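The values are calculated or read from the model by the stated rules, or taken from the named source; none is laboratory data. Since the model is a prediction, treat every value here as computed from it, not as a measurement. Positions of Cβ are backbone-derived with ideal geometry, glycine not excepted, and every protein chain shown enters the neighbour counts. Just so you know, the surface numbers come from the protein's heavy atoms only, side chains and all, with ligands and any DNA or RNA stripped out. Shrake-Rupley method; radii C 1.70, N 1.55, O 1.52, S 1.80 Å.
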Amino acid sequence: MKFTDGYWQLRPGVTVLRPGTVESVEPDERGFTVFAPTGRVTGRGDTLNRPLVTVRFFSAAPGVVGVTIAHHLGDPPRQPRYALATREDHPVTVDVTGLSASLTTGELTARVALVDGWRVEFLHGDRLLTSSTARSIGVVTDADGRAYVHERLGLDVGETVYGLGERFGAFVKNGQTVDIWNADGGTASEQAYKNVPFYLSNRGYGVFVDHPEHVSFEIGSEVVSQTQFSVEGQSLTYYLVDGPTPKDVLRRYTALTGRPARVPAWSYGLWLSTSFTTSYDEKTVTEFIDGMAERDLPLSVFHFDCFWMRQFHWVDFVWDPETFPDPEGMLRRLHERGLKVCVWINPYIAQRSYLFEEGRRAGYLVRRPDGSIWQWDKWQAGMALVDFTNPDAVAWYTEKLKALLDMGVDCFKTDFGERIPTDVVWHDGSDPQRMHNYYSYLYNQAVFRLLESERGEGEAVVFARSATAGGQQFPVHWGGDCESTFPAMAESLRGGLSLAASGFGYWSHDIGGFEGTPDPAVFKRWIAFGLLSSHSRLHGSGSYRVPWAFDDEAVDVLRHFTRLKLGLMPYLASVAEEAHRDGVPMMRPMVLEFPDDPAAAYLDRQYMLGPDVLVAPVMSADGEVTFYVPAGTWTHLVTGEQLTGPAWVTEKHEFDSLPLLARPGAVIPFGSRTDRPDYEWADGVRLRLFAPAPGQRARVRVPSPGGGPGADFEVRFEDGTARAELVAGASAAYHCEVQGVRQ
């Protein structure tokens, strides 16, 4: 929300109250509260007809300072609220002198000047991270009498901002206005399915705005030297999250909002879909699976999209009897072939579904203020919404899903959840504005928790489209409905990198794009990108995505990259454990791994897959790709060719290749199998050292599927020879080798 007309003037009808000075400070054990009149108080008369801005500073967790800015405090608390893991078991230092009041938690200090106007500094040790100054805080009334509160935090020279959910525009958010409001808008607009009111700065801090309703961010776009964020109402709460590195920020942020769950080993394999509006039955499905097997294409999951149910009945969770007369038998036959099964669902109930009347009678569907069921005809005729604020509705909905699990379904694609109305009444009295984004959290939480209870922790996985802050706890998320073009491939990657910078550990996308049919070049290039993402799915809208529908070379390309990914499972599993344990994503923007390299700040056509593998997808028909190589000797993972950085490199690649580089000194474990993802990763593992330094030593951990103990290796490079020793756990066999030399 913009309130100014240029820098000096306000927009017509807008009035703003700002803290002018500090009248007093009240300290407590966890922080302090500042009372700031909106003008100078030189005598008792100046206290009359003078508003106060009340600003509380408190420590929510080590290295995290919370700030609440308030005008009038008489409004009742509004629900829902983000479920935050705040802590009080850490030391907090509060110091109030005549000149300043400060709060220190970890190495982060919030210091408020008590003289000479309003100024708040946030510091990591002695280093200034950002600040709130004289015109930063605003208690706003607009021309229609609506109240808002905004804060503006300073942007330093060269500072860049990332995150705010899965955003498909420019990766660096400076200069943008971003509205945190979930929408079903595809991947080619400023709208997003996954909106997260958190941004990450390359200066080593993050800001989380603790409001699930609409939050507006102006990142250097209203005041170009500041990031502004605002909400409607009388108060605003945000958290300043310390680093010092961007990865440290994500560790602290996900400790506050939730870490990604561990997902099953089989989910890292290739998923094949029926696609959306295509015509299919069990014969079609069997032909697809037979075709994959005949062509030696490893397949892990088969997905049934919407039309596994009857048209106009979505959702009733009943297999279309004409298309699938024997669903239990079909699922059994798929399992006998070693496949897992995913089916599409959403949280909407069509009027023709038998669940509509059940839900209406029981009060499980969202209602309008007059007591009628909220309905419309978009997507499904007469559709209503499941009210996930009603525990009985959650139990009813998940019981229907449990019947599918009992039948043999293994996981669910939790589609939709963005178009949530605000002219409704929720069962628990939640504020409709705050429920709009938060609905996605409750929806995915309900399905994910059911899978955990039925399959066990570490065996639950969904394919979710909508999300908000905290939704990273219920993986996996995919990028939504993109076009089948190279520009759409690039916008999808930007969305995934933005989501990664927002605390989401896993991410996927539709290989080849969703809308339309990709030409063979786009499809084959997207295969490499898709198989070098955390999760990999062949899916489209109106056409099949089996590779032989494109050409024979597409089959070879899919085989090559699928087997490459499966062979990388020991490495990918260790990266996934880091995402689960620490909240650092599997697919990482370059700035996460190289925050001190100025070139990394703007890179959005390449990424790090874990800490040690650089991926630069080819997004051109002629195979030409330009990418950046950070400092050191980098080694091509497959060919062994070496590049020395820092340097920009332009190369041309055939369809079975792309820039895929190992970091200097990396030890990357390769598995003994390339036919499936869920094998014992430590058995027969090859520990490959890439351009090691003389005398280099490294500890390498290879997890075990399901979160077992795994194996730990001590790797040494001495006298030009690599040696490895098993120091913990078990491994049937292993060996160590050197790939490339350091230049």
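Of all residues in the range 535-552 being part of a helix (DSSP H, G or I) and out of contact with any helix residue (DSSP H, G or I) (no Cβ under 7 Å at 6 or more places or on another chain), which is surrounded by the most Cβ atoms within 10 Å (Cβ to Cβ)? Quick ask: steps written out before the conclusion?
Of all residues in the range 535-552, those part of a helix (DSSP H, G or I) come to 547-549, 552.
If we keep only those that are out of contact with any helix residue (DSSP H, G or I) (no Cβ under 7 Å at 6 or more places or on another chain) as well, we get 549, 552.
On the way: 549: 15, 552: 10.
The extreme case among them is 549.
Among all residue pairs at least 6 apart or on different chains, which show Cβ distances below 9 Å where the first residue, located in the range 566-579, is open to solvent by 10 Å² or more (accessible area, probe 1.4 Å) and the second is small (Gly, Ala, Ser) and at pLDDT below 95?
Taking only residues 6 or more apart or on different chains, the pairs are 574/710; 577/707; 577/710.
If I ask for residues that are assigned to a loop (DSSP other than H, G, I, E, B) and without any contact (Cβ under 8 Å) to a residue 60 or more places away in the chain, which ones from the range 580-601 would you list? Show your work before the answer.
Looking only at the range 580-601, we keep the residues that are assigned to a loop (DSSP other than H, G, I, E, B), and these are 583-586, 589, 594-597.
The answer is 594, 596, 597.
For the range 557-592, give me each residue that is of a type in the set (Asp, Glu) and touching a Lys or Arg at 6+ places or on another chain (Cβ under 8 Å). Steps first, please.
Residues of the range 557-592 of a type in the set (Asp, Glu): 577-578, 582.
Across the range 557-592, the qualifying residues are 577, 582.
Taking the range 300-332, which residues are closer than 22 Å to residue 265 by Cα, of a type outside the set (Phe, Trp, Tyr) and touching a helix residue (DSSP H, G or I) at 6+ places or on another chain (Cβ under 8 Å)? Explain how you work it out, then say what you get.
Filtering the range 300-332 down to residues closer than 22 Å to residue 265 by Cα leaves 300-304, 331-332.
If we keep only those that are of a type outside the set (Phe, Trp, Tyr) too, we end up with 300-301, 303, 331-332.
If the condition is that a residue be closer than 22 Å to residue 265 by Cα, of a type outside the set (Phe, Trp, Tyr) and touching a helix residue (DSSP H, G or I) at 6+ places or on another chain (Cβ under 8 Å), then 300, 301, 331 are the ones that fit.
Quick one: which residue in 492, 498, 440 is farther than 30 Å from residue 616 by Cα, among the polar types (S, T, N, Q) and open to solvent by less than 10 Å² (accessible area, probe 1.4 Å)?
On the way: 492 fails: farther than 30 Å from residue 616 by Cα; 498 fails: farther than 30 Å from residue 616 by Cα.
Among 492, 498, 440, only 440 is farther than 30 Å from residue 616 by Cα, among the polar types (S, T, N, Q) and open to solvent by less than 10 Å² (accessible area, probe 1.4 Å).
List pairs: first residue in the range 638-655 and within 17 Å of residue 691 (Cα to Cα) and without any contact (Cβ under 8 Å) to a residue 40 or more places away in the chain, second residue open to solvent by less than 50 Å² (accessible area, probe 1.4 Å) and not aliphatic (A, V, I, L, M) anywhere in the structure, Cβ distance under 7 angstrom, at least six positions apart or on different chains.
Close Cβ pairs (under 7 Å, with a partner that is open to solvent by less than 50 Å² (accessible area, probe 1.4 Å) and not aliphatic (A, V, I, L, M)) amount to 643/634; 645/630; 645/632; 645/634.
Just one of the numbered conditions (1) in a loop (DSSP other than H, G, I, E, B); (2) of a type in the set (A, V, I, L, M); (3) surrounded by 18 or more Cβ atoms within 10 Å (Cβ to Cβ); (4) more than 33 Å from the chain's Cα centre (by Cα) is not true of residue 732; which one?
The single condition residue 732 does not satisfy is (3).
Scan (1) open to solvent by 10 Å² or more (accessible area, probe 1.4 Å); (2) in contact with a Phe, Trp or Tyr (Cβ under 7 Å, 6 or more places away or on another chain) for the single condition residue 419 breaks and write down its number.
Every listed condition holds for residue 419 apart from (2).
Mind checking whether some residue in the range 659-667 is assigned to a loop (DSSP other than H, G, I, E, B) and among the basic types (Lys, Arg)?
Initially, the range 659-667 is screened for residues assigned to a loop (DSSP other than H, G, I, E, B), giving 659, 663-666.
Now drop any that are not among the basic types (Lys, Arg), which leaves 663.
Yes, that holds for at least one residue.
Say whether the condition of being within 30 Å of residue 301 (Cβ to Cβ), in contact (Cβ under 8 Å) with a residue 40 or more places away in the chain and not small (Gly, Ala, Ser) is met by at least one residue in the range 708-728.
no
With the structure loaded, tell me whether residue 284 is at negative phi, surrounded by fewer than 23 Cβ atoms within 10 Å (Cβ to Cβ) and touching a Phe, Trp or Tyr at 6+ places or on another chain (Cβ under 8 Å) or whether it fails that test. Can you show your working first?
Values: at negative phi: yes; surrounded by fewer than 23 Cβ atoms within 10 Å (Cβ to Cβ): yes; touching a Phe, Trp or Tyr at 6+ places or on another chain (Cβ under 8 Å): no.
Taking the combined requirement at face value, the residue does not satisfy it.
Which residue, of 734, 679, is in contact with a helix residue (DSSP H, G or I) (Cβ under 9 Å, 6 or more places away or on another chain) and of a type in the set (Phe, Trp, Tyr)?
On the way: 734 fails: in contact with a helix residue (DSSP H, G or I) (Cβ under 9 Å, 6 or more places away or on another chain).
Result of the check over 734, 679: 679.
Filter the range 684-698 for residues that are farther than 14 Å from residue 571 by Cα, open to solvent by 30 Å² or more (accessible area, probe 1.4 Å) and part of a strand (DSSP E or B) and give the result.
697
When you scan the range 616-623, do you find a residue that is open to solvent by less than 10 Å² (accessible area, probe 1.4 Å) and farther than 18 Å from residue 522 by Cβ, even just one?
First, the residues of the range 616-623 that are open to solvent by less than 10 Å² (accessible area, probe 1.4 Å): 616-618, 623.
Applying the additional criterion that residues be farther than 18 Å from residue 522 by Cβ yields none.
Within the range 616-623, not a single residue is open to solvent by less than 10 Å² (accessible area, probe 1.4 Å) and farther than 18 Å from residue 522 by Cβ.
Scan the range 60-77 residue by residue and report those that are modelled with pLDDT of 95 or more, farther than 20 Å from residue 25 by Cα and assigned to a loop (DSSP other than H, G, I, E, B). Steps first, please.
Just the residues of the range 60-77 that are modelled with pLDDT of 95 or more, to begin with: 60-72.
Next cut, farther than 20 Å from residue 25 by Cα only: 61-64.
Listed by number, the residues that qualify are 62, 63.
Test each condition in (1) part of a loop (DSSP other than H, G, I, E, B); (2) over 16 Å from the mean Cα position of the chain (by Cα); (3) crowded, with 24+ Cβ neighbours inside 10 Å for residue 530 and report the one that comes out false.
Of everything listed in (1) part of a loop (DSSP other than H, G, I, E, B); (2) over 16 Å from the mean Cα position of the chain (by Cα); (3) crowded, with 24+ Cβ neighbours inside 10 Å, residue 530 misses just condition (1).
Pick from 474, 448, 486, 463: which is under 17 Å from residue 345 (Cβ atoms), surrounded by fewer than 24 Cβ atoms within 10 Å (Cβ to Cβ) and of a type in the set (A, V, I, L, M, F, W, C)? Can you show your working first?
Numbers: 474 fails: surrounded by fewer than 24 Cβ atoms within 10 Å (Cβ to Cβ); 486 fails: under 17 Å from residue 345 (Cβ atoms); 463 fails: surrounded by fewer than 24 Cβ atoms within 10 Å (Cβ to Cβ).
From the options 474, 448, 486, 463, the qualifying one is 448.
Identify the residue in the range 23-59 that is modelled with pLDDT under 95 and under 17 Å from residue 95 (Cβ atoms) and, among all such residues, is surrounded by the fewest Cβ atoms within 10 Å (Cβ to Cβ).
The extreme case among them is 29.
Show me the strands (runs of 3 or more DSSP E) found entirely inside the range 97-174 where at least 2 residues are surrounded by fewer than 23 Cβ atoms within 10 Å (Cβ to Cβ) and small (Gly, Ala, Ser). Reasoning before the result, please.
On the way: elements: 100-105, 108-113, 120-124, 127-132, 138-141, 147-154, 161-165.
Fully inside the range 97-174 and qualifying: 100-105, 147-154.
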